[in-house]
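Structure first, commentary second.
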Amino acid sequence: QVQLVESGGGSVQAGGSLRLACAAPGYIYSSYCMGWFFEPPGKEREGVATIDSMGGANYADSVKGRFTISKDNAKNTLYLQMNSLKPEDTGMYYCAAFECFTVTYKYWGHGTQVTVSS
């Protein structure tokens, strides 16, 4: 069984929007910081956005102003709102949970595919 489950990926045209979701068990959601990673085809996985227990967010320069990370505590769900999508945003998006103090990643989802066409 997987601990984190992503959803919301799909195919859109450039300029479109998607909203990714990551469902987590309560014991993970309440005890870890969380974030989103991006893996373009044939390239290394890279950080997109993170959020801490106080709601503070950090973003990669490439998505600043276009993507927004948020949490719904009642649903134990992490979100990534993706606007103004570009073809270079195409790839797999992964949800992860990490130990906040040491920034040690402990749990990963299996990913959701995002495809942006010109």
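Every read-out reported here was derived from the displayed coordinates using simple, explicitly stated rules and does not represent laboratory data. Treat the numbers as computed from the prediction; the structure is a model and nothing was measured. No Cβ is skipped: glycine too gets one built from the backbone with ideal geometry, and neighbour counts run over all protein chains shown.
In the range 38-118, which chymotrypsin sites (Phe, Trp or Tyr not before Pro) fall in coil by DSSP and have 10 or fewer other Cβ atoms within 10 Å?
When the chymotrypsin sites (Phe, Trp or Tyr not before Pro) of the range 38-118 are filtered for loop state and at most 10 Cβ neighbours within 10 Å, F101 remain.
For the range 101-118 and the range 37-77, what is the separation of their Cα centres, given in Å?
Here the two parts' Cα centres lie 9 Å apart.
Got a sec to turn the phi values of the range 30-35 into Karplus ³J(HN,Hα) couplings, 6.51 cos²θ - 1.76 cosθ + 1.60 with θ = phi - 60°, whole Hz, x for Gly and Pro?
For the range 30-35, the Karplus-derived couplings read 7, 10, 10, 6, 9, x Hz, x marking Gly and Pro.
Sequence neighbours fewer than 8 away in the same chain don't count; with that in mind, list the lysines whose C-alpha is under 24 Å from K75.
Cross-link targets: K106.
Kindly give the semi-axes, whole Å and largest first, of the ellipsoid equivalent to the chain, taking each as the square root of 5 times a Cα gyration tensor eigenvalue.
23, 14, 14
Under a point-charge model restricted to the Cβ atoms of Lys and Arg (+1) and Asp and Glu (-1), what is the dipole moment magnitude of the chain relative to its Cα centre, in debye to the nearest 20?
Details: 9 positive and 10 negative charges, 42 e Å.
It works out to roughly 200 debye.
Search the structure for amide H atoms under 5 Å from the amide H of L85, placed 1.01 Å from N in the peptide plane, and list their residues when 5 or more places away or on another chain.
G15, G16
What does the charge count near V116 come to, summing +1 for each Lys or Arg and -1 for each Asp or Glu among other residues with Cβ under 13 Å from its Cβ?
0
Just the number, please: Stokes-Einstein D of the range 33-87 in µm²/s, Kirkwood Rh from C-alpha pairs, 25 °C, 0.890 mPa s.
On the way: Rh = 12.1 Å.
Diffusion coefficient, whole number: 204 µm²/s.
With θ taken as phi - 60° and the coefficients 6.51, -1.76 and 1.60, list the Karplus ³J(HN,Hα) couplings across the range 3-20 in order, rounded to whole Hz; mark glycine and proline as x.
Each residue's phi maps through the Karplus curve to give 8, 10, 10, 8, 8, x, x, x, 10, 9, 8, 3, x, x, 10, 9, 10, 8 Hz.
Could you list the GluC sites (Glu not before Pro) in the range 30-118 that lie in coil according to DSSP, counting only those with at most 16 other Cβ atoms within 10 Å of their Cβ? Could you put the intermediate results ahead of the total?
On the way: sites: E44, E46, E88, E99; in loops: E44.
Sparse-neighbourhood loop GluC sites (Glu not before Pro): E44.
Karplus couplings for the range 82-94 from phi (6.51 cos²θ - 1.76 cosθ + 1.60, θ = phi - 60°), rounded to Hz, Gly and Pro as x?
Taking θ as phi minus 60°, the curve returns 10, 10, 6, 5, 10, x, 6, 7, 5, x, 8, 10, 10 Hz for the range 82-94.
How large is the convex hull of the Cα atoms of the range 1-59 per residue, expressed in Å³ as a whole number?
Spelled out: Cα convex hull of the range 1-59, divided by residues, is 128 Å³.
Which aspartates and glutamates have a Cα less than 18 Å from the Cα of K71, not counting those fewer than 8 places away in the same chain?
Those aspartates and glutamates meeting the cut-off are E6, D52, E99.
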